[in-house]
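Reading through the structure tokens given below for one structure.
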Amino acid sequence: MTIWEYLADPGPWFNTEAYTPTQIAMFTTGAVLWIVVYVITIRRLLSLREVSIPFIAVALNFGTEITTAVLFVPDMGSVLVIAYWAWLLLDLFIVIGLFRYGSQQVRSPYLRERFRTLMAVWIPLLFVVQATVILEYDLPMAPLNSFMINLVMSAAFISLLFVPNRAEASKAIAWCKFLGTGIIGIMFYTKYPE
């Protein structure tokens with residue numbers, strides 16, 4: 001369902017016909033934990049002037065956020081549609097911060113000088129890739145694509161440990177990412193055990 005179809009008929013606050021109350025509670029908990037990740041990232045962006053999430057993850061994730069907020073709206077109910085829009089709006093601030101401070105993550109002077117141009121090309125390109133994968137191959141609410149991005153993100157976080165002059169990694173981001181993804185992963189396993 002697209003956002004326009006959703007706006008024409010928003011449906012219930014929670015879709016208890018397709019999801020159990022436990023599944024809804026688990027996904028909502030994971031969604032809130034991810035919103036905390038985004039809020040902490042934005043706070044660190046403003047206070048430390050650095051992007052606390054790896055740039056490749058931000059670029060990949062933004063394409064997914066646009067796709068799942070506009071082209072492939074979640075079917076779990078209006079509360080989760082609002083959560084997906086919150087992710088998109090928070091991610092927009094992070095993307096703006098990426099253009100301002102993301103080059104700090106790059107060690108190569110050649111790539112650092114061209115970072116904004118690279119992001120200006122990568123973000124739309126990755127949006128097309130994410131939209132194609134989600135619309136053609138993913139399950140409702142795009143868990144497969146999201147878990148692939150999360151795998152890339154986890155590996156890329158390790159690379160941030162080797163960037164000189166960075167503030168210490170946020171334990172709150174690490175724990176909220178870990179728990180949010182884990183809870184959502186268990187929820188999707190209960191929904192799609194095959």
### Summary
Arg100 and Leu151 label points (each 7 Å along its Cα→Cβ direction) are spaced in nm at 3.4 nm
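Cα convex hull of region 49-168: mean projected area in nm², to one decimal?
The orientation-averaged projected area of the Cα hull of region 49-168 comes to 7.5 nm².
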### Query
If the chain between Leu144 and Ala174 were fully stretched, how many nm would it gain, using 0.36 nm times the residue separation less the Cα-Cα distance?
8.7 nm
### Task
Grab the alpha carbons of region 37-100, take their convex hull, and tell me the volume per residue in Å³.
73 Å³
#### Entry: Coordinate range along principal axes, alpha carbons of region 104-173, Å, largest first
41, 31, 15
### Summary
Computed D for region 120-159, Stokes-Einstein, Kirkwood radius over alpha-carbon pairs, 25 °C, 0.890 mPa s, to the nearest µm² per second, is 224 µm²/s
### Message
How tilted is helix 143-160 with respect to the longest principal axis of the chain? Cα atoms for both, answer in degrees (0 to 90, nearest 10).
### Response
20 degrees
### Task
Find out how many positive minus negative residues lie around Leu60, taking Lys and Arg as positive, Asp and Glu as negative, among other residues whose Cβ is under 15 Å from that of Leu60.
-2
### Task
Express the carbon and sulfur contribution to the solvent-accessible surface of region 35-93 as a percent, rounded to the nearest whole number, probe 1.4 angstrom.
77 percent
### Task
Please report the relative contact order for the chain, taking Cα pairs under 8 Å with a sequence separation of at least 6, and give it as a percent rounded to a whole number.
36 percent
### Message
Leaving out ligands and nucleic acids, and using a 1.4 Å probe, what accessible area per residue does the chain come to in Å²?
### Response
53 Å²
### Query
Roughly speaking, what is the centre-to-centre gap between region 16-56 and region 116-194 when only Cα atoms are used, to the nearest Å?
11 Å
### Query
Largest first, what is the accessible-area ranking of Thr16, Thr68, Thr29, Thr2 with a 1.4 Å probe?
Thr16, Thr29, Thr2, Thr68
### Message
Counting only Cα atoms, I'd like the Rg/Rh figure for region 68-133, Kirkwood definition for Rh.
### Response
1.10
### Query
How large, in percent, is the carbon and sulfur part of the accessible surface of region 115-189 at a probe radius of 1.4 Å?
75 percent
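The values are calculated or read from the model by the stated rules, or taken from the named source; none is laboratory data. Note that the structure is a prediction, hence the values are computed from the model and not measured. All Cβ positions, glycine included, derive from the backbone under ideal geometry; neighbour counts span all protein chains shown. Surface accessibility is based on the protein's heavy atoms, side chains included, excluding ligands, DNA and RNA. Shrake-Rupley method; radii C 1.70, N 1.55, O 1.52, S 1.80 Å.
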